[in-house]
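First comes the structure, then the notes that go with it.
The values are calculated or read from the model by the stated rules, or taken from the named source; none is laboratory data. From a predicted model like this one, the values you see are computed outputs, not experimental measurements. So basically every Cβ, Gly included, is an ideal-geometry build from the backbone, and we count neighbours across all protein chains shown. The protein model used for the area step is the full one, side chains on, heavy atoms only, and it has no ligands, DNA or RNA in it. Shrake-Rupley method; radii C 1.70, N 1.55, O 1.52, S 1.80 Å.
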Amino acid sequence: MRKPQHYRRTFIREWRLKRGLSLRQLASRLEHEPGGKTLSHASIGRIENRQQAYTQPIIEAVAVALGCEVADLLYVHPDKAGDVIDLTARLKALPADKRSQALDYLRFLTTH
């Protein structure tokens, strides 16, 4: 028997629940968003459970439907967001040289 494949973890379920949406309601929003991708509630559930892969267009449509950023769906639990997560996201967005400078400054601040 073949072992089921597990895909990359997302925070789609957490963002969906934070917005108070069922799987069917999210699927309905995807159908009505301009440029949105049609996706069944069952497919969304499989993506949430890491049993189905998502594509870039799908994750972008889900982000629009949930009123968040794609990066939020991949890296941020909506109930655990805060200064540390915001700071981490900002650091990741910096060019390598600026990120290095920022980390050096943070190390300085935390040791003095």
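A few points about this structure:
- Options ALA53, ALA89; residue that is assigned to a loop (DSSP other than H, G, I, E, B) and either on the phi > 0 side of the Ramachandran plot or open to solvent by 30 Å² or more (accessible area, probe 1.4 Å) (or both): ALA53
- Screening the range 38-50 for residues that are without any contact (Cβ under 8 Å) to a residue 40 or more places away in the chain and part of a loop (DSSP other than H, G, I, E, B) and picking the one that is surrounded by the most Cβ atoms within 10 Å (Cβ to Cβ) gives LEU39.
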